[in-house]
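**Q** My structure is below; once you've seen it, I'll send some questions.
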Amino acid sequence: MRRRHVGWIASAAAAVLVAAGAITYAVAGDTGGPDTATPGAESADAGFARDMAVHHQQAVEMSYIVRDRTKNEEVRRLAYDIAQTQANQRGMLLGWLDLWGLPKVSAEPPMTWMGMRGMAEGKDGALMPGMATNTELKKLGSLSGEQAEIFYLQLMTDHHKGGVHMAEGCVAKCTVGVEKRLAQGMVEAQESEIELMAGMLKERDAKAR
């Protein structure tokens, strides 16, 4: 049953990759009509795109680290699916900023677009909710086998929870339809993976932090 679940996620990830080009170009239609305007640099649309691109990049990094620290095929498949899906979504988010003619960085602190300006202090590299610290990334790279699997699943569970919170913020605040739909898709996919990872941790006599 567990392998079938991971296989389903792999199929879903492949579907996301196939649809990515269409979604990237569709955003032009969502912002190009007479009744819509290109988002501003300080809008929720731009803030989410910038912040989630950074958030996703760390998930990709963690997934590639654990891929080289374990031989467990289930964990390696999950890590591959997460890395591929989030790298693709990151490219879409940055592509939209280019399409809108907006900068990929902001002078404002992360999460300002969500009204959480003072929440993320960037302590030890953890810029946004759920992000691992530099110390935790270093620790992940020092572990191997089941220890690496457990720590990765714990870190990624936290990471997904933070990502869901951010994506829900975009669903509520963003104005570009295709971006809101992508954010809702992130919520659903990452909540499904959180459930999957809880089961994988239980199989290893561990649990989320």
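Every read-out reported here was derived from the displayed coordinates using simple, explicitly stated rules and does not represent laboratory data. Just so it is clear, the structure is predicted and the values come from calculations on it, not from any experiment. Note that each Cβ is placed from the backbone with ideal geometry, even for glycine, and that neighbours are counted across all protein chains shown.
**Q** In whole Hz, what ³J(HN,Hα) sequence does the stretch 124-137 give by Karplus (6.51, -1.76, 1.60; θ = phi - 60°), x for Gly and Pro?
**A** Taking θ as phi minus 60°, the curve returns 6, x, 8, 7, 9, x, x, 5, 6, 7, 4, 5, 5, 5 Hz for the stretch 124-137.
**Q** Continuing with this model, one more query. Using a Förster distance of 35 Å, how high is the FRET efficiency between Glu42 and Lys139, based on the Cβ-Cβ distance and rounded to 0.05?
**A** Values: r = 36 Å, r/R0 = 1.03.
Result of the calculation: an efficiency of 0.45.
**Q** Under 16 Å from the Cα of Lys180, which aspartates and glutamates turn up, not counting those fewer than eight places away in the same chain?
**A** In chain and number order, the partners are Asp30, Asp45, Asp51, Glu168, Glu188.
**Q** How big is the stretch 50-209 in terms of Cα radius of gyration and Dmax, in angstroms?
**A** Rg then Dmax for the stretch 50-209, in Å: 15.7, 49.
**Q** R0 = 45 Å: FRET efficiency of Arg204 with Lys104, Cβ-based, nearest 0.05?
**A** So, using R0 = 45 Å, E works out to roughly 0.75.
**Q** Among the lysines, select those whose C-alpha is under 22 Å from the C-alpha of Lys71, and discard any that sit fewer than 8 residues away in the same chain.
**A** The qualifying lysines are Lys138, Lys139, Lys202, Lys207.
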